[in-house]
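The values are calculated or read from the model by the stated rules, or taken from the named source; none is laboratory data. Because the structure is predicted, anything quoted here is derived from the model rather than measured. Here the Cβ positions follow ideal geometry from the backbone for every residue, glycine too, while neighbour counts run over all protein chains shown. To get the accessible areas, we keep the full protein, side chains included, count just its heavy atoms, and leave off ligands, DNA and RNA. Shrake-Rupley method; radii C 1.70, N 1.55, O 1.52, S 1.80 Å.
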Amino acid sequence: MPETVELGPEDQAPQLVPLNAIFADDFVQLLVPVTTADTIREVAAAVAHHVEGKRVRARDAGKIVFHKGRRLPPELTVAEAGIGPLDHVRVEYDLPEGAR
């Protein structure tokens, strides 16, 4: 009987992951398509693309992503972060406390 080898997320083809997302102070929740191979930095950019400079003032600041109450490192992929289809993420500007 041949041995079965289970592939890790990094060895699998990227899969589509639709996310429920909200950006900063926006009042509209978005459905944003990303892939399991996208980084958290790319997720932040994808969410911001639909809102920044349209309904929320664009700022010269980095963006951070929160998932299930935790701030995600920007270099993680969607798969590594454990984000699944239709999970909710929040993207905020990375501003010092009190500057919001």
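Residue by residue through segment 48-57, note down the ones that are within 15 Å of Asp94 (Cα to Cα) and either surrounded by fewer than 19 Cβ atoms within 10 Å (Cβ to Cβ) or in contact with a Ser or Thr (Cβ under 9 Å, 6 or more places away or on another chain) (or both).
At the first step, the residues of segment 48-57 found to be within 15 Å of Asp94 (Cα to Cα) are 48, 52, 56-57.
Once the filter is applied, which keeps residues that are within 15 Å of Asp94 (Cα to Cα) and either surrounded by fewer than 19 Cβ atoms within 10 Å (Cβ to Cβ) or in contact with a Ser or Thr (Cβ under 9 Å, 6 or more places away or on another chain) (or both), segment 48-57 yields Val56, Arg57.
For the structure I just gave you, tell me whether Val5 is open to solvent by less than 60 Å² (accessible area, probe 1.4 Å) and assigned to a loop (DSSP other than H, G, I, E, B).
Values: open to solvent by less than 60 Å² (accessible area, probe 1.4 Å): no; assigned to a loop (DSSP other than H, G, I, E, B): yes.
So Val5 fails the test.
Taking the criterion of being open to solvent by 20 Å² or more (accessible area, probe 1.4 Å) and either touching a Phe, Trp or Tyr at 6+ places or on another chain (Cβ under 9 Å) or over 18 Å from Leu30 (Cβ atoms) (or both), the residues of segment 69-87 that qualify are Gly69, Arg70, Arg71, Pro73, Pro74, Glu75, Leu76, Thr77, Ala79, Glu80, Gly82.
For first residues located in segment 32-54 and modelled with pLDDT under 95, partners that are open to solvent by 10 Å² or more (accessible area, probe 1.4 Å) and β-branched (Val, Ile, Thr) and lie 6+ apart or on another chain with Cβ distances below 9 Å form the pairs His50/Val28. When the residues of segment 46-89 are filtered to those that are part of a strand (DSSP E or B) and hydrophobic (A, V, I, L, M, F, W, C), the one that is farthest from the chain's Cα centre (by Cα) is Val56. Residue count for segment 25-47 satisfying the condition of being over 21 Å from Leu95 (Cα atoms) and touching a Phe, Trp or Tyr at 6+ places or on another chain (Cβ under 8 Å): 1. For Asp60, the conditions (1) open to solvent by 90 Å² or more (accessible area, probe 1.4 Å); (2) in contact (Cβ under 8 Å) with a residue 60 or more places away in the chain all hold with the exception of (2). When segment 1-27 is limited to residues that are modelled with pLDDT of 95 or more and among the aliphatic types (A, V, I, L, M), the one that is farthest from Ala81 (Cα to Cα) turns out to be Ile22.
Considering each residue of segment 25-45, count those that are aliphatic (A, V, I, L, M), open to solvent by 40 Å² or more (accessible area, probe 1.4 Å) and outside any strand (DSSP E or B), and give that number. Spell out the reasoning first.
The first filter runs over segment 25-45 and keeps only residues aliphatic (A, V, I, L, M), leaving 28, 30-32, 34, 37, 40, 43-45.
This time we only want the ones that are open to solvent by 40 Å² or more (accessible area, probe 1.4 Å), so: 28, 31, 37, 45.
Adding the requirement that they be outside any strand (DSSP E or B) leaves 28, 37, 45.
Summing the residues that are aliphatic (A, V, I, L, M), open to solvent by 40 Å² or more (accessible area, probe 1.4 Å) and outside any strand (DSSP E or B) in segment 25-45 gives 3.
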